[in-house]
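This report refers to the structure that appears directly beneath it.
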Amino acid sequence: MTLERVLLLLGVGFLVANLRILRDLVWNVLRRRSALLVWPSRRPPFFPVIVLIGAALGVLLFSNVVMGRFEVGPLFGETMMFAYYAGALPCSRAVRRGFYKDGIWTDTRFLPYGEIGGLTWREGAEVTLILIARARDAALRLVVPGRHYGAVRRLLRDQIAARAIHFAGTSLDLGAHDERDDV
């Protein structure tokens with residue numbers, strides 16, 4: 001496989017990643033009014049390295065254009081990688097994590113309340129809410145700032161009491177268990 005094809009395939013992959021981040025940013029703007037309890041997303045580990053990679057890709061892209069190298073595959077791949085590292089990934093930090101009227105924005109994606117099949121807490125250096133997505137059998141995490149821990153537990157209890165989050169059918173249910181105690 002030639003370098004041109006590799007860069008074209010990388011470009012397609014990064015295009016998909018850029019579109020997913022763009023979708024998340026649009027959804028976040030649309031859901032902003034329905035925020036119940038949100039906080040800024042954490043700075044990713046090695047964030048300066050991400051910015052440095054974006055700057056290096058920008059220099060590479062600029063030098064290729066100046067030198068007159070206009071092969072479609074490499075130019076597309078480098079442009080998509082530059083857009084991801086210099087634009088999309090830093091902008092994705094604008095998505096506010098937390099609780100909205102219709103679901104929870106985890107560290108990776110939005111999860112509607114009706115799709116939550118289970119939850120648990122991991123308490124250590126940081127408090128993390130682990131949510132089990134019912135349809136995909138996936139575990140999603142949400143790091144909860146310590147100052148919001150009590151409010152998050154109350155919100156979860158309220159959503160369970162309102163039956164927005166419902167665990168019945170996921171384990172042995174004899175009717176004597178109050179789901180709000182699972183929080």
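Any read-out appearing in this document is the output of simple, stated calculations on the displayed coordinates, not a laboratory observation. Quantities reported herein were computed from a predicted structural model and do not represent experimental measurements. When we count neighbours, we look across all protein chains shown, and the Cβ atoms used for this are built from the backbone with ideal geometry, even at glycine.
Quick one: what are the phi-derived ³J(HN,Hα) couplings along the stretch 31-36, Karplus 6.51/-1.76/1.60 with θ = phi - 60°, whole Hz, x for glycine and proline?
8, 3, 5, 9, 5, 9
Could you give me the radius of gyration and the Dmax of the stretch 1-60, taking only the C-alpha atoms into account and expressing both in angstrom?
Just the Cα atoms of the stretch 1-60 yield Rg and Dmax of 16.2, 51 Å.
Restrict the search to the stretch 1-54; then list the chymotrypsin sites (Phe, Trp or Tyr not before Pro) that DSSP places in a loop and that have at most 14 other Cβ atoms within 10 Å of their Cβ.
Those satisfying the criteria are Phe46.
Within the stretch 145-165, name every residue whose backbone N is under 13 Å away from a label modeled 7 Å from Cα of Trp121 along the Cβ vector.
145-157
Please build a GNM for the chain, connecting alpha carbons under 10 Å apart, and tell me which residue among Arg109, Arg96, Arg43 fluctuates the most.
Of Arg109, Arg96, Arg43, the most mobile in the Gaussian network model is Arg43.
Please compute the contact order of the chain in relative form: average sequence separation of alpha-carbon pairs under 8 Å and at least six residues apart, divided by the residue count, as a percent.
So the answer I get is 21 percent.
Dimensions of the chain along principal axes (Cα, Å, largest first)?
Here the Cα extents, ordered largest to smallest, are 73, 34, 32 Å.
Any chance you could give the angle, 0 to 90 degrees and rounded to 10, that helix 149-161 forms with the longest Cα principal axis of the chain?
Result, in degrees: 70.
Using alpha-carbon positions, what is the distance between the centroids of the stretch 91-170 and the stretch 22-90, in Å?
With the stretch 91-170 and the stretch 22-90 each reduced to a Cα centre, they are spaced 27 Å.
Compute a Gaussian network model of the chain, connecting alpha carbons closer than 10 Å, and tell me which residue from Val65, Val144, Val38 fluctuates the most.
Val65
Could you list Ile160, Ile53, Ile130 in order of exposure, starting from the residue whose Cβ has the fewest other Cβ atoms within 10 Å?
Ile130, Ile53, Ile160
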